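The values are calculated or read from the model by the stated rules, or taken from the named source; none is laboratory data. All values reported here derive from a predicted model rather than from experimental measurement. Because the Cβ atoms are built from the backbone with ideal geometry, glycine has one as well, and the counts that use them run over all protein chains shown. To get the accessible areas, we keep the full protein, side chains included, count just its heavy atoms, and leave off ligands, DNA and RNA. Shrake-Rupley method; radii C 1.70, N 1.55, O 1.52, S 1.80 Å.
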Amino acid sequence: MKMSLMALAFAGFTAQAALAVDCTITLTGNDQMQYDKKEIKLPAECAKQEIKIEFKHIGKLPAAAMGHNVVLVPNGKLSALQPRYAAAGADPAKIDANSEQLKTSGEVIAYTKIVGGGASDSTTVPKDKLKAGEKYQYFCSFPGHFALMTGTLEIEKAGTSTAAAEKDKKADKKK
Ligand SMILES: [Cu+2]
């Protein structure tokens with residue numbers, strides 16, 4: 001009896017492990033003022049999980065000349081938020097302070113600190129902060145970079161990864 005309970009517990013544990021999806025966003029930026037990805041999609045399950053953002057500057061230029069970060073905002077908010085960084089100029093500490101302030105006010109969802117060539121920074125988005133079926137924007141808030149360094153993050157709608165199964169269900173209903 002004891003053994004079978006343990007087996008059940010183990011089965012439950014492995015089933016949970018199998019359900020876990022990878023909700024890590026990895027992005028790089030270079031000396032040509034470019035991210036490696038302009039579009040990122042995460043499965044719907046990630047809305048219910050903590051999402052990790054890992055950013056690495058793969059260039060060589062220092063932060064004061066070619067600093068990069070990743071600022072995540074709700075879709076459509078990029079153009080309104082970008083000018084809010086203007087006063088910070090190219091001072092990495094000031095840009096980070098701005099990011100922190102905008103995160104506190106709720107306008108920025110998450111951000112990584114400004115880094116120079118060879119450096120990296122990461123952050124997390126708490127679970128339930130992003131919604132399935134919603135789009136978000138990310139950009140680099142270093143002066144002048146957002147024109148090139150911007151992208152879209154989409155959390156897929158629940159059920160999109162099993163679109164074929166849904167289709168089958170509908171076909172069954174018609175019968
Ligand atoms: Cu940048």
Peptide ranges 143-153, 60-70 listed from the most packed, as the mean C-beta count within 10 angstrom indicates: 60-70, 143-153
Solvent accessible area, Å² - residue 125, 1.4 Å probe, full protein context: 0 Å²
Linear extension gain, residue 54 paired with residue 84, 0.36 nm per residue minus alpha-carbon span: 8.4 nm
Computed E for residue 21/residue 107 - FRET, C-beta separation, R0 35 angstrom, nearest 0.05: 0.80
Rounded to 5, percent antiparallel among DSSP beta bridges of segment 22-174: 65 percent
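Please give the net charge around residue 23, taking every other residue with its beta carbon less than 10 angstrom from that of residue 23, where Lys and Arg add +1 and Asp and Glu add -1. Show your work: numbers first, answer last.
Numbers: positive: 48, 52, 127; negative: 22, 45, 50.
Here the count lands on 0.
Order 37-43, 96-102, 113-119 from most to least packed using the mean count of other Cβ atoms within 10 Å.
Details: 37-43: 14.4, 96-102: 17.1, 113-119: 19.0.
Going from most to least packed, we get 113-119, 96-102, 37-43.
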Difference of contour (0.36 nm per residue) and Cα-Cα distance, residue 157 to residue 36: 41.1 nm
